[in-house]
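What follows is a short report on a single structure.
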Amino acid sequence: MAKFAPSYLSPPLPRDTRLNLTDLIAQLQQSVGILGKRDIQTAAKALVDQHASAPAIRPGDDCAAIADADGFLLLAAEGMLPRFVAEEPWFAGWCGVMVNVSDVYAMGGTPIAVVDALWSQTPEASKPVWEGLQAAASAYGVPIVGGHSNCASPHEGLAVAILGRAQHLITSFDAQPGDTLMVVVDLRGSFFRHYPFWNAATEADPARLRGDLALLPELAQEELCRAGKDISMGGIAGTLLMLMETSGCGAVLDLDLLPKPAGVDLERWLTCFPSFGFLLAVPSEQVEAVRAKLVQRDLACEAVGVVMEGHDVWLKLGDDTALLWDMAKSPLTGFGPA
């Protein structure tokens, strides 16, 4: 393939020269966070007929975007693993709100309200989950307006759904060959215990959290960003695969350019879920405008790759370039271009 050296990318960041790209790719291809995205194929197969009859609503995005008046209603939901709820009930409650809020902002929207479904073995067991839910709802300025509760369940469980609104969308379907891939992330945090979660939220100033997220609707309104996703449990690597799959494109991601906390292993960073992290596909002429808007709030934002024609997703490290995934041979979520 052609050498990857676009002139508008920033100078390389310091990297661990001991890292072997072949070994890294082998680790990523077996990552639980990435391979878990294959479960989405069950939904893709189940919804294929519905999608054909209602093409205006494209499943496979961070939220369902439903045309309404002069904009869109955004609808999304997330479920927490029962073991996670049992081990970290407060944090699971926080995450139930946080991940949904991130999905709405990723599409250029603002959240309106959330509802939850909570299962616990006793009323007392539900208390820390409620405290986490309420803390996040307060921090992000999103009310909890209803849901379902069961305090006589044989296990702990939590699901949260969100409603939002957008005037202009950032979708997962519209990346185009030639677009620049940009990563924006809040590095002012740390890993939450042993979990693959970079926490830059629970101790942050709520006004700063809301102000940082409000930049995403600005990017959509000013048409600076063509496509994007929030960086989810598949990490940067898995999110890139999903974005390219829905857009029907290939890409090269230059790992030397990736913003990363000092001292953090690259493989762990590529597969973790940051509390504030987005992968954007930006027209090359808008790269500097996007970066200027984000770094003024002390967020790390770098151009890290290029969208290409085809179905192959490549990683570059130093002088080495290797194939991470061939989407034509091995779909990940099953949701392709509309």
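Each reported figure results from applying straightforward, stated rules to the coordinates on display, with no laboratory input. What you are looking at is a predicted structure, and each value in this text was computed from that prediction instead of being measured. FYI the Cβ positions are ideal-geometry reconstructions off the backbone, even for glycines, and counts take in every protein chain you see.
Structure values in brief
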{"item": "Fraction of antiparallel bridges per DSSP, the range 101-249 only, in percent to nearest 5", "result": "60 percent"}
{"item": "Ascending count of other beta-carbon atoms within 10 Å, so fewest first, for Phe91, Phe191", "result": "Phe191, Phe91"}
{"item": "Karplus-derived 3J(HN,Hα), 6.51/-1.76/1.60, for each residue of the range 66-75, Hz, glycine and proline x", "result": "10, 4, 7, 6, 9, x, 9, 7, 10, 10"}
{"item": "Percentage of interatomic Cα-Cα distances in the chain larger than 37 Å", "result": "14 percent"}
{"item": "Protection-proxy order for peptides 170-180, 116-126, 280-290, each taking the mean of Cβ atoms within 10 Å per residue, highest first", "result": "170-180, 280-290, 116-126"}
{"item": "Amide hydrogen neighbours beyond the local backbone of Arg226, cut-off 5 Å, H modeled", "result": "Ala281, Val282"}
{"item": "Spatially near lysine pairs across the chain, Cα under 29 Å, sequence gap of 8 or more or different chains", "result": "19"}
{"item": "Rounded Å value of the spacing that divides the Cα centres of the range 166-185 and the range 272-338", "result": "9 Å"}
{"item": "Residue-averaged 222 nm ellipticity for the chain, from DSSP H runs of 4+ at -39500 (n - 2.57), nearest 500", "result": "-9500 deg cm²/dmol"}
{"item": "Residues Ile144, Ile162, sorted so that the one with the fewest Cβ neighbours within 10 Å comes first", "result": "Ile144, Ile162"}
{"item": "Rough spin-label spacing in nm, given labels placed 7 Å along Cα→Cβ, for Lys127 and Thr321", "result": "5.9 nm"}
{"item": "Relative exposure of His194, His311, judged by other C-beta atoms within 10 Å (fewest first)", "result": "His194, His311"}
{"item": "Relative contact order of the chain, defined on C-alpha pairs under 8 angstrom at six or more residues apart (%)", "result": "23 percent"}
{"item": "Residues of the range 169-187 with amide N under 16 Å of the 7 Å Cα→Cβ point at Arg297", "result": "170, 183-187"}
{"item": "Cut-off under 5 Å, modelled amide H: who pairs with Trp314 long-range", "result": "Ala251, Val252, Leu253, Leu324"}
{"item": "Length gained when the stretch Asp265-Ala69 is fully extended (0.36 nm per residue, less Cα-Cα span)", "result": "65.9 nm"}
{"item": "Kirkwood Rh and Cα Rg combined as Rg/Rh, the range 214-330", "result": "0.94"}
{"item": "Extension reserve of the Asn150-Ala207 stretch, reckoned as 0.36 nm per residue once the Cα distance is removed", "result": "17.2 nm"}
